[in-house]
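A.B. asks: The following block contains the structure, expressed as structure tokens.
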Amino acid sequence: MGEAGSAILRNVTLVGNDSGGNGGGINVPSTATLELEHVTFSGNTSDYPGNAIQAATGATVTTISTIFSSNESGDTCFIESVDDWTSNGCNLSSDSSCDLTSIGDLINKDPLFGIFADYGGNTDTLPILYNSPALDAGNPSDPADRRDQRGVALFDADGDDIKRSDIGAFEYPPYFGWLPLIIR
């Protein structure tokens with residue numbers, strides 16, 4: 001991210017990035033502004049703290065309905081100044097390093113992901129599984145016509161009514177499932 005820039009990331013998956021410096025997924029410099037909405041961070045690594053994200057003092061970061069996941073507990077987020085970090089709720093983190101203290105935030109939770117692959121749409125996505133704590137835990141104020149990274153709309157368990165959105169960039173549809181491979 002540029003030194004004095006600003007960005008809004010909506011319905012984005014950041015998976016498997018490796019930084020030789022700060023912030024494996026994103027490094028937010030001190031004069032930058034970043035808004036995260038329905039973003040999924042997973043499997044990113046960094047040589048320094050902040051495998052998912054690193055936010056320098058003076059950087060302004062706002063997050064809602066975003067998943068922060070890391071394989072290293074205590075090292076998912078590195079926030080130099082919590083005064084510059086705002087959680088607007090309904091976020092999920094695999095540890096407590098992301099300073100998530102708003103209503104609906106879930107900390108120390110495994111998001112329970114499937115396999116990063118093509119599930120439709122223009123880009124690969126990282127699906128949440130049917131028993132993920134991110135399921136139906138997203139922003140209750142999301143518009144009824146909200147779509148995920150793939151363009152999939154919100155459905156309830158019957159597949160006919162709108163439901164509460166999921167946390168992250170992937171919306172779990174009622175017809176989506178994991179079937180075992182049986183070879184005979």
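A.B. asks: Quick one: P(r) of the chain from all Cα-Cα pairs, 10 Å bins, percents rounded to integers, in order of increasing distance.
C.D. replies: P(r) for the chain, in whole percents per bin: 10, 39, 34, 13, 3, 0.
A.B. asks: In nm, to one decimal, how far is the Ile8 label point from the Asn131 one, both placed 7 Å along Cα→Cβ?
C.D. replies: Taking the two extended label points, one gets 3.8 nm.
A.B. asks: Per residue, how much accessible area does the chain have with a 1.4 Å probe, in Å²?
C.D. replies: Heavy-atom accessible area per residue stands at 48 Å².
A.B. asks: Right, something else. In nm, to one decimal, how far is the modelled label at Arg147 from the one at Asp110, with both set 7 Å along Cα→Cβ?
C.D. replies: About 3.3 nm separates the two model spin labels.
A.B. asks: Ok, one more. Express the relative contact order of the chain as a whole percentage, based on alpha carbon pairs under 8 Å and six or more residues apart in sequence.
C.D. replies: 16
A.B. asks: Mind jotting down the distance between the C-alpha centroids of segment 62-81 and segment 115-155, whole Å?
C.D. replies: Value for the Cα centre distance between the two parts: 19 Å.
A.B. asks: Using the Cα gyration tensor of segment 1-76, with a ≥ b ≥ c the square roots of its eigenvalues, what is the shape: rounded (a/c below 1.5), prolate (a/b larger than b/c) or oblate (neither)? Please report the intermediate quantities before stating the final value.
C.D. replies: On the way: a/c = 1.81, a/b = 1.17, b/c = 1.54.
In terms of gyration-tensor shape, oblate.
A.B. asks: Give the list, by residue number, of cysteines in the chain with no other Cys Cβ closer than 4.7 Å, or say none.
C.D. replies: Isolated Cys, the chain: Cys90.
A.B. asks: Let me ask another. Looking at the chain as a GNM with Cα springs under 10 Å, which of Ser132, Ser87, Ser73 has the largest mean-square fluctuation?
C.D. replies: Of the options given, Ser73 has the highest mean-square fluctuation.
A.B. asks: Indicate, rounded to the nearest 5 percent, the antiparallel portion of the DSSP beta bridges found entirely in the chain.
C.D. replies: If we restrict to bridges inside the chain, about 10 percent are antiparallel.
A.B. asks: Compute the Cα gyration tensor for segment 1-44, then decide on rounded, prolate or oblate, letting a ≥ b ≥ c be the square roots of its eigenvalues: rounded whenever a/c is under 1.5, prolate when a/b is larger than b/c in the other cases, and oblate in all that remain.
C.D. replies: Working: a/c = 3.11, a/b = 1.14, b/c = 2.72.
Oblate is the answer for segment 1-44, as a/c is 1.5 or above yet b/c matches or exceeds a/b.
The values are calculated or read from the model by the stated rules, or taken from the named source; none is laboratory data. In this text the structure is predicted, and so the values were computed from the model without any measurement. In this analysis, Cβ positions are derived from the backbone assuming ideal geometry, glycine residues included, and neighbour counts consider all displayed protein chains. Only protein heavy atoms, including side chains, enter the accessible area calculation; ligands, DNA and RNA are left aside. Shrake-Rupley method; radii C 1.70, N 1.55, O 1.52, S 1.80 Å.
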